[in-house]
Structure formats: structure tokens, C-alpha cells
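Presented below is the structure to which this report refers.
Each value in this text was obtained by applying a stated rule to the coordinates, not by laboratory testing. Everything quoted here is computed from the prediction, not taken from an experiment. Cβ placement follows ideal geometry from the backbone for every residue including glycine, while neighbour counts extend to all protein chains displayed.
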Amino acid sequence: MLEEHAKLLGLIRHAGEIVGRKKLQKMIYILKKLNYPFQEKFQFHFYGPYSEELTLKIEELCNLNLMDELKEEKGGYHQYRYTLTEQGERFLSHYEIDMPGIDALVQTLNDQNARFLELVSTVLYFNNLPKEAVIEKVKVVKQKQHYSDEEIDEAFRFIASLQKAAAETGASSHFHL
Amino acid sequence: MLTRRFEELDEEKVFKDPVHRYVHVRDRLIWDLIGTKEFQRLRRIRQLGTTFLTFHGAEHSRFSHSLGVYEIMRRIIEELKNYVHWDEEERLLALAAALLHDVGHGPFSHSFEKVFGTDHEQFTRDIILGDTEVHAVLERMGAHFPEKVADVIAKTYENKLIVSLISSQIDADRMDYLLRDAYFTGVSYGHFDLERIWRVMRPRDDQVVFKRSGMHAVEDYIMSRYQMYWQVYFHPVTRSAEVILRKILHRAKKLFETGYRFKHEPGLLSPLFRDNIGLADYLRLDEAVILYYFEVWQDEPDPILADLCSRFVNRRLFKYVEFSPTNLERYTELREAFTEAGIDPDYYLVVDSSSDLPYDFYRPGEEGERLPIHLLMPDGSLRELSRESDVVEAISGKKRTDHKLYYPADFIDDLSDRRAAKLRIKELLK
């Protein structure tokens, strides 16, 4: 019961704290693309892959007091900080989550900013296309974000390094760029 | 064939529709798409899946919803013509995408996707791009037209305005299903003033915004989403039927994998059980097919499959209690007691959470998470809806989650055998 929720709690525990809903969404999408067994269904939205199911699970975890959500005012918007509660720690201790190597990857992803993770997840979303077509698609769907060629190159390099790290730890990623 | 690209019918065709009164078709492209077998198949798939077991009127199909989304899109384009130039191809692209946005749905899609990992959005793409009648009709518009339609539906098309009219926080899809589902379920809430919303729409580069003076019409729409969710989409009895449906599929798949000899072979469902369903096999599935198997599987020697099918067909659904899933000890005890009572907890003790049926409430969210609804203020600036509307702000912050435990009360109430274990279950369920 609630195994999928426990995986999310495990991710928050590895990260310590995740600042921003958008960042959390993109981190889980990227990990899913690295073949870690997150089951949430993602669709492409204005800002890249997004999962309503994930949003609702996070809300459930907060309402169950297993996760803490701190709402902060930022410009015309709100920003949210996520941490594990003590009750969440206890809940998690009942589960054995076998995701080899995920701790280091979570740290790596959490060190990036949301804008870059948006780019990375968008590149991954189109991973069934050849590299040139991916770049073209990114420029079409992310017109407003004005990603530079350097940023796009960096995203490809970053994905390659993630893929390598995931492969070394046994999670076989299912994308090829 | 190029001459047929923008061909109009000699006479406008209309469909009578209980929500929009008439659905008007003038374009040959749209008329021919409606006539394809892939689109006609939507007549045999209910818009609301198992909801008809709770609201008996909810028998309407994805066919009627798809026509409704097309009609709304057609009328929005008429409204927006005053503000933005639509070239003929973009107009037909928006209409075709509106009509076809759900063409990849299968029977009881949500449960099937949970159990078999199928993806109706991928099938929508496959139908539009694959060897189908739909593709053949779309291709008459040009070699790239089918791909453009698929990209609009996948939200990756370059013209974000068209994308947002079909899929955003306030779009033609939701406008139709909220009104249609309210009409057919017979509930008295869920209504809003569609025409008023269209009239206050103003196009921007990548989305439509709404004049501040029309905010109350948009508020009604948000309230409709909120009320329809709690009163219809997330009705606990409908969830019970969904739980049983999922368990039937799990059981049948497990039996198939373990070499069980079905009295009635699963035939058309076999590719799903083998995890290798292709487009041609997928298109043969509809609700009539699924309900046929449920009917005949009532006679299966496997008692679990036979019982679950009988429950679904005869509406002997599971009962439920509110449940806090953080109480792992109680859950473990319950599972043990079910096993002692000879009732397999894998099929008869089910925790169902709100996230099992994800529904997108309106959320202002944070910057860059998802595009919210914007109001166009008199000074020309934009403001996110909940910043301006107390009503929307109030319901945006409401708790929207719950967890229920579903179980067969009739089995537990039958104390003729394993009485002690069943009494313990009753105690634990209190």
C-alpha cells in the first residue's frame, strides 16, 4: 500500500530539501526516463513534462503529514519548499526501496536550477527523435525561454553523464541520444 | 487530391446535440473524419467509464464529446476572428485536432492504463500517423498535416494559441465535458455560461486571456470543475466499480500468465495480457467487447474471476470506509484477518487514493509549473485568476485528497463460516 508514495518520500529524504514544484516535477520525470521505477504519468505542458498524478500524490503526502510543504511568496507567484517530516521518516522505515544509485543522482539533479531541468526534461521528452530534430523541437516548444545553443549542448552533455552514472549503478536507462 | 484540401460540402450538415443544440459541419475534411471507422468506434466507448453504475444517465459516448469539442472550437474560432487572423489551414488544423483529441481512448481507459500500462495518448498519435482511415483523410491536406494535428494534441505544436484552445486550464475539451457530463448525469450543478466565456476571451501569443469584466463567468467554470469532481467524477460508488474492474483485469492477466485454462478464452484481450498490443488489436477493443468477457467469465471455474465479474455485471459493488493509510499496523492486521477468513486480500481489500484518479483541479501553482488562467486587467496588465477572485482562491487552497478502503461487505457479513476471523475484520473496519 502506498508504495509509490514511499518512493517519493525516499527521494525527498535523499535530497534533504527540494525548492520548487517545477523542480520536483522535472527531477522525477528525469529519473523516470533514467528507468527508475516511478509510475506517475507525465504529459507535455507549456513548461515541459508535467504530471497531475504526481502533484496530487505530493498533496496527499502533505495532508497525511508525511511531507512538509512551506509556501513562500515570490514575485507574483508562490514558491514551495518540500522536506520530510518525522512522521514521514517513520513511515518510510517500513518500506524497502530498491533504487540503486539514486541518492547521488538526486543530489546532482537537485544542484541544478529549475530552468536547466526544464530544458533537460524537454530534451528527454523528444528522445525518440534524432539529435538535430530534438534541438529543432526544443527551439519550437521553448521559444519563450530563449535557450542558447550552449545551454542545449550542456543539456545533452548532462544527460550523457546522468546516463553513464545510472548505467554504472545498474539502472539501465531506456533512452539513447 | 489537392483540390479537395479546403473543399466545403455542398450543404452544411448538422448533428442534433443536447448540449450545443446543433453541431455544424461545413468542411469536407471534418465530415470525412467523422465517417472514419476509428472515429465511429468512439460511439462504443462511454465518456465516463463506470460512472453509469452510479448515475444511470451517464451513458453518453466519447463520440458525442468529441463532436462537442469540435463545435466549441468552431465557435471560438468564429469569436477570435475579430482579433486574430486564421489562415485556412490553421483553422482546419484546430478543428481536426479538437475532433480527434480523444480518438485513442479505449474502453475504460483509465483502468486499462493502470493495469496494462497502455497509453491512450500514444494510441491517438498512432491512429493519426499510422495506417488508418483517419490518416488517409488527414493526408489529403498535405503530407505534414497529420503530424501537425498529432503535435497540437500532444501540445508540442509551435502555435501555442491553438494548443491552448484544446488543452490548457480553460479549454474546449473541458468546456464540453463539464457541461455534457452534468447534462447526462442529471446533476444540477456544473453549469456555466459558455458564450459569455467566449465573448471575454482575448488572444495573446501563447494563450487566451479573459477580460476582467468577465471574471464571474470564469469563476463559474472553475466552480463547475470543483463540484463535478466531488459529486460525479470522484463519487465513491464509481470508485468502487473502478476498483472491481481493475481487479478483474489483474486477475485475468495473472491467470493468463500462469497458464490457467479459461473456459472462455480471452481472445481479443490476449495481446494486452502478453504486453504486446499493437494498433490493429487495440482498435478492436470497445466496451461491448469487454462487457462480453465479463459476462461469460461469470462461469469461469476460478472463483475470484467469476465472483469479481458477477459483481461488476450485477452491480454488487464493494463497500468502503474512510481510511488513513499512515496506519500501517491496522492495514497489516486487516490483511491477516482477510487471509484467515479465506478472502484473498490482494483482490478484496483495496486502498483507493485520490491520486488513483488524478483530476486537475485549478491550481495557480508556482511560476513555470503550469500555465494558469490570466485575467486581462483594464490597464492592459495580466493577473493570475486566484489573485483577483476570492472564490477561486478559496477553493484552490482546499484539501482535495482522501483515501478509502474498499471491501466486499457481503462476504464479511456471512458469518456461516470462519466466524472469528470475520468478526475481527468487522472490529478492525470500525
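Quick look at the numbers
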read-out: Average beta carbon contacts from partner chains per residue of A:57-64, 10 Å cutoff; value: 5
read-out: GluC sites (Glu not before Pro) restricted to DSSP loop in the range A:1-98 with at most 15 other C-beta within 10 Å; value: A:E17, A:E96
read-out: Relative contact order (%) - criterion: Cα under 8 Å, at least six apart; region: chain B; value: 15
read-out: Pairwise centroid distance, computed over Cα atoms, of the range B:296-364 with the range B:134-148, Å; value: 45
read-out: 222 nm mean residue ellipticity, helices alone, for the protein assembly as shown (DSSP H n ≥ 4; -39,500 (n - 2.57); rounded to 500); value: -15000 deg cm²/dmol
read-out: FRET E, pair A:A133, B:E158, Förster distance 22 Å, beta-carbon r, rounded to 0.05; value: 0.95
read-out: Over 26 Å between alpha carbons, listed pairs A:K142/B:K37; A:K137/B:K211; B:K247/B:K319; B:K155/B:K247; value: A:K142/B:K37; A:K137/B:K211; B:K155/B:K247
read-out: Magnitude of the charge dipole, the protein assembly as shown, Cβ model with Lys/Arg +1 and Asp/Glu -1, debye to 20; value: 720
read-out: Sorted by Cβ density within 10 Å, fewest first, the residues A:M67, A:M99, B:M73; value: A:M99, A:M67, B:M73
read-out: The range B:363-399: trypsin sites (Lys or Arg not before Pro) in DSSP loop, at most 16 other beta carbons within 10 Å; value: B:K398, B:K399
read-out: Part-to-part distance (alpha-carbon centres) for the range B:395-417 and the range B:5-67, which is given in Å; value: 36
read-out: Cα-projected label distance for B:R199 with B:S416, points at 7 Å along beta-carbon direction, nm; value: 6.6
read-out: Only Lys, Arg (+1) and Asp, Glu (-1) charged, at Cβ; the range B:2-186 dipole about Cα centre in debye; value: 520
read-out: Residues B:K37 and B:R335, FRET efficiency given R0 of 30 Å [Cβ-Cβ distance, rounded to 0.05]; value: 0.05
read-out: Cα centroid of the range B:206-239 to Cα centroid of the range A:1-65, whole Å; value: 25
read-out: Total charge dipole magnitude, the range A:3-168, about the Cα centre, Cβ charges on Lys, Arg, Asp, Glu only, Debye to nearest 20; value: 500
read-out: Chain A, relative contact order [Cα under 8 Å, separation at least 6], %; value: 29
read-out: Inter-chain Cβ neighbour average for residues A:42-51, partner chain, 10 Å; value: 5
read-out: Filtered trypsin sites (Lys or Arg not before Pro), the range B:185-281: DSSP coil and at most 16 other beta carbons within 10 Å; value: B:R204, B:R261, B:K263, B:R274
read-out: Longest DSSP-loop-exposure-free segment, chymotrypsin sites (Phe, Trp or Tyr not before Pro), chain A, at most 16 other Cβ within 10 Å; value: A:1-94
read-out: Shielding by partners, peptide B:153-160 (average Cβ within 10 angstrom, other chains); value: 4
read-out: Fully extended contour minus Cα-Cα distance, from A:R90 to A:D111, at 0.36 nm per residue; value: 4.9 nm
